[in-house]
Amino acid sequence: MESMAIQTHGLTRRFGALTAVEDVTLSVSSGQFFGFLGPNGAGKSTTIKMLTGLLEPSGGTVEILGQPFTAGALELKRQIGVVPEGMALLGRLTAPEYLRFVGRMYGLDRDTVNQRTEELLEFMKLAGERRKLVTDFSHGMQKKLALAGAVIHGPKVLFLDEPFEGVDAVAAGMLKAMLQGMIQRGATIFLTTHVLEIVERLCSHVAIIHQGRLVANGSIEDLRAGVASSLPGTEGSRKLTLEEIFLSIVGASNLEPAQELSWLT
Amino acid sequence: MADLRAVEDRTQIRAAGGFLGPLARAQYAAMVRMRCRMFVIGLRTIRGILELGANGIQLMVFSVIGIGLGLGLGFTSYSLAHHGAWQYLPIEFWVVLFVWQMIPITMASFQDQFDMSGLLRFPLSFGSFYVLYLIFGLLDVSTIMGAMCCLGILIGIVTAHHELLPWTLLALLEFAAFNILLARAILAWVDRWLSQRRTREIVSALFLLFFVSLQLLNPAVREDRSRDFMNREKRAELRHKREVALSPALDKVKAAQVWLPPGITAGVLQHASENKPVVAVGVLAGLGLYALGIGGVLGIRLRAEFRGENLGEAPNQTKQETREQRWLLDGGGPIAATIEKELRTLFRSMPQIYALGVPVLMVFVVGSLFRNGPSLGRPPFQYALPVCVAYGLLGFTRIIYNNLGTEGTGIQLIFMSPTPIRAVILAKNLFHGSLYLLMALFSGIMACLRVGVPSPTLLAITVAWLIFALPANLAVGDIMSLTMAYRVNPGRVTRQPGSQGNALLSMLIQTLLLGVGGAVVAMCTFADKMWLAAPILVACGGIAILLWTRVLANVDAMANDRRDTLIETLAKIG
């Protein structure tokens, strides 16, 4: 039987009268590169926060690596790495200090922390900035450091919220290679991003959330076939891109010219 | 803000009428509306209502103090004006200046202030930026108290001489404008100086030099400190000798202060009362020049901020050697890691170091006040040690009662990592507690050096009070850090969010702890068994330690219950 890395059942989050995420049930198999997509405000970050213990669900359950995940599940937290929306950085430390702090918080011994810190700084091209405070880093450098902090303990499940935002093309290519390497070694990655080309290239499975509800879930091929069958004239003619699939599913594929802002020069 | 879209560059902003033009007025209106909406939205939460209540209480307390000061200054100015003793009027204006300038510095860390850098993305002219900088926070404690003092002086002088109303009004308005600009300029420049290592070191050196100079002045201006009791005649003779010796220096000070704003303000009124309107106008213009000058100094700072200046350490880092960093604390586990992180963060935050260190320095400076006993035929103030130790600990209020405030987005890491939050809070408590004891030791040594070593009983009582106060502070501090946390930028003194509720409650708790100590000592002294105070306070300490351990045991549950609010407040995302 296929082992599940992430499973949710009826995951719901309400903020007062607003239901940000409603009844989300999904499964991510171990070793899968999973893309979690949705328009702005659809509930992606809220979902990822609930999956990583940064936000308490109003309802439903979360299981990571087959065990119920709660804020107090400390052993389980050792198995996951997260790059959250705010990046979880400490601005008044330098990059090596930050990585060493994170490593120690995850219970790594001194030698391992030192060795991995150096390797990660070299890999992320941050070794030349070892004396600079994190607060003085550019946004892209902060993203790279946040990713380094998320993987320093070698997590089995990695949650990434917009990891490529602000990262230059060279670094993005490097990071993609690193993430693919992790997948090959058996890790599971749960990724949210607005860059659909990245998802199309990296992810084998995708879920789409829209207005807090899961509206699509499956392999990219399954989604492509499903959308193609519902769009007249696309069957067999050409392969739909993930962007077309996404726009079709969230109902934003037919923007009329009248909706444009005509006063913009 | 619909008018804004047509404006594309600074030239067009100027063409739109400068800082009083239609564009600027639209921007001011938008800002006022935004602040009003933020205020109303803030009231939707219990914390917002608590903050409003705390603000109200603070305003009330300072208004009462301000009214008291205003009344005192009003009566004095009436008396001086009535008797034509204008030469003493500058003293009043120096008092007002001192109140106006000291309050913003001492309260900077507790005030909820608006960060102007967020406005730079809008097509805002420099004039508008300057005006908005002055307007936001104008109704702060120092301005209210300063205004009340000025109002008192106005009423006092006008009651004595009705004909001086226009002159007094003009002089006081200019003096108020000068004070407002000076207070803002000091805070803006202090922020700038404390943000970079080199200037930080220079400011620290000057600061220490200033306090040491005060100490060197001390023997010159105070009476002979001989422990021998002197008779009345000998003391009078000594006083006369001192006055004669100091007279030339005082004359120089008097002559110099005439050219400074408080002296000038008093000068306007003196000349006006002597029917010398031309001279009075000239002096008034001089005061205006001071205001303009200090406005210009503030402008230099704001201009740099307006151009998007980065106050980070980045430029200095390239010059630093890239020596290998070592672990400060070699102990394994997250407690050592957190203590090391706290240590590094503290050493990089000059405002925090100042907040901790200044009370100890003040103990050293004002400790001499407790020595006035011999000259009056009495022994030195015997409770100087506990008072100094308690005062020296005031600097810890903010870091103990908001111990997660400097985490920023790092709060996410605390919730994500497999480390129990209890371990993180315990590490912070151990770190803050050790610093607390270190500062208490320093304060104690300072007090002993300045006043003399107290009796063993009093020493034991002081230590016993610390055993009670430290865990009690930590216990309440942990609860408040989780329930009333607010974000703190450790690199800035001003213009960052604060919490009046947290500040008020923490001061209340500190007062209560001092009160308990004082009450125990008073009761035991009354029963003529002062020695009993120490064991009683140690027993209270036992209860406080029990409370602290109970709080620590529940920290994880409390933090998880408040997780959403803590992350939202400290990380300010989503």
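Derivation of every value follows stated rules applied to the coordinates shown; laboratory data play no part. Keep in mind the model is a prediction, meaning the values are calculated, not measured. Counting neighbours? That spans all protein chains shown, and the Cβs are built from the backbone with ideal geometry, glycine included.
Gain on full extension, evaluated as 0.36 nm per residue between B:Met102 and B:Ala539 minus their Cα-Cα distance, stands at 153.4 nm. Pairs exceeding 23 Å between alpha-carbon atoms, taken from A:Lys49/B:Lys572; A:Lys143/B:Lys572; A:Lys44/A:Lys143; A:Lys77/A:Lys144; A:Lys156/B:Lys341: A:Lys156/B:Lys341. Take the Cα of B:Lys252, step 7 Å toward its Cβ, do the same at A:Ser229, and the gap between the two points is 9.8 nm. Shielding by partners for peptide A:124-131, expressed as the average number of C-beta atoms from other protein chains within 10 Å of each residue's C-beta, is 3. Taking 0.36 nm per residue of separation and subtracting the Cα-Cα distance, full extension of the segment from B:Leu169 to B:Leu438 would add 91.8 nm.
From the P(r) of region A:80-154, can you give the percent of Cα pairs sitting at distances over 14 Å?
Values: 1457 of 2775 pairs.
Within region A:80-154, distances greater than 14 Å cover 53 percent of Cα pairs.
The distance linking region A:9-29 with region A:132-192 is 26 Å (Cα centroid to Cα centroid, whole angstrom). Where does region B:125-187 land on the Kirkwood hydrodynamic radius, alpha-carbon pairs, in angstrom? Evaluated on region B:125-187, it is 12.9 Å. Site pair B:Val278 and B:Ser79 shows an inter-label distance of 3.7 nm when each label is modelled 7 Å from Cα along Cα→Cβ. Subtracting the Cα-Cα distance of B:Lys572 and B:Ile445 from their residue separation scaled by 0.36 nm leaves 41.5 nm. All distinct Cα pairs of region B:438-574 go into the 1/r average, and the inverse of that average, the Kirkwood radius, is 17.3 Å. Backbone geometry of region B:41-53 corresponds, through the Karplus equation with coefficients 6.51, -1.76 and 1.60 at θ = phi - 60°, to 3J(HN,Hα) couplings of 5, x, 6, 6, 9, 4, 4, x, 5, 4, 4, 4, x Hz, x marking Gly and Pro. For chain A, a Kirkwood hydrodynamic radius built from all Cα pairs, placed in the Stokes-Einstein relation at 4 °C and 1.567 mPa s, yields a translational diffusion coefficient of 66 µm²/s. Note on B:Phe122/B:Glu233: beta-carbon distance plugged into 1/(1 + (r/R0)^6) with R0 of 60 Å gives a FRET efficiency of 0.25. Going by neighbour counts of Cβ atoms within 10 Å, the residues A:Phe190, A:Phe69 line up, fewest first, as A:Phe69, A:Phe190. Shown here is the pair-distance distribution of region A:1-107: with all Cα-Cα distances grouped in 5 Å bins from zero up to the longest one, the shares run 2, 10, 19, 22, 19, 13, 10, 4, 1, 0 percent. Based on the Stokes-Einstein relation at 25 °C and a viscosity of 0.890 mPa s, and on the Kirkwood radius from alpha carbon pairs, region B:333-571 is assigned a translational diffusion coefficient of 130 µm²/s.
Rounded to the nearest 0.05, what FRET efficiency is calculated for B:Trp189 and A:Val170 with R0 set to 30 Å and r the Cβ-Cβ distance? It comes to 0.15. Straight-line cross-link partners of B:Lys254 among the lysines, defined as a Cα under 29 Å from its Cα and at least 8 positions apart when in the same chain: B:Lys234, B:Lys241, B:Lys276.
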